[in-house]
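Down below is the structure, laid out as structure tokens.
The values are calculated or read from the model by the stated rules, or taken from the named source; none is laboratory data. If you're wondering where the values come from, they're calculated on a predicted model, not measured in any experiment. Heads up, the Cβs are rebuilt from the backbone with ideal geometry, glycines too, and the neighbour counts pull from every protein chain shown. Please note that ligands, DNA and RNA were not included when accessible areas were found on the heavy atoms of the full protein model with its side chains. Shrake-Rupley method; radii C 1.70, N 1.55, O 1.52, S 1.80 Å.
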Amino acid sequence: MTESQLSELKCLLSGYFHQDWVLEANEPDEVVSRFMESTKDGDELKAIATQIRSFLASRHSEAVIVQDLLAVLGCYYLPSADGMSASAWLRKVADQLSGNRI
């Protein structure tokens, strides 16, 4: 999967989970909720959820997913700091964006 195929996902993760995201929200779920409120386009949210699932399917290990969160997607949130794997967190975000309640 190329970076251009992940462009909307990269916009979410680099734009909302930037270096200072903790100054704007108490927890990652708040960041995702804020993004969803600002976007309001259900089709776009579902497209990003699809990009997340494709991203996960194209990575062959948790270590690669963790590395690519920052290196490819510009995400400065480290899910392991909250006791969650990167893949589990991304699946949770995909579910939120798809309208599935957790």
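Of the residues in the stretch 55-69, not one is basic (Lys, Arg) and either modelled with pLDDT of 95 or more or open to solvent by 60 Å² or more (accessible area, probe 1.4 Å) (or both).
Per the listing Ala25, Ala49, the residue uniquely among the aliphatic types (A, V, I, L, M), in contact with a helix residue (DSSP H, G or I) (Cβ under 7 Å, 6 or more places away or on another chain) and without any contact (Cβ under 8 Å) to a residue 24 or more places away in the chain is Ala25. Filtering the stretch 19-36 to residues that are farther than 17 Å from Asp95 by Cβ, out of contact with any Asp or Glu (no Cβ under 9 Å at 6 or more places or on another chain) and open to solvent by 40 Å² or more (accessible area, probe 1.4 Å) leaves Gln19, Asp20, Val22, Leu23, Asn26.
Per the conditions (1) modelled with pLDDT of 95 or more; (2) farther than 17 Å from Leu6 by Cα, the sole criterion not satisfied by Ser33 is (1). Checking each residue in the stretch 52-102 for being more than 19 Å from Arg34 (Cβ to Cβ) and of a type in the set (S, T, N, Q) picks out Ser54, Ser58, Ser61, Gln67, Ser80, Ser85, Ser87. None of Ala81, Ala86 is open to solvent by 70 Å² or more (accessible area, probe 1.4 Å) and small (Gly, Ala, Ser) except Ala81. Restricting the first residue to the stretch 63-84 and requiring it to be in contact (Cβ under 8 Å) with a residue 60 or more places away in the chain, which pairs with a second residue that is among the acidic types (Asp, Glu) meet a Cβ separation below 7 Å and a spacing of at least six or different chains? Listed pairs, sorted by first residue: Val72/Glu3.
Residue by residue, here is whether (1) in contact with a Leu (Cβ under 6 Å, 6 or more places away or on another chain); (2) hydroxyl-bearing (Ser, Thr, Tyr) holds:
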{"position": "Ser4", "(1), (2)": "no, yes"}
{"position": "Leu13", "(1), (2)": "yes, no"}
{"position": "His18", "(1), (2)": "no, no"}
{"position": "Ser54", "(1), (2)": "no, yes"}
{"position": "Ser80", "(1), (2)": "no, yes"}
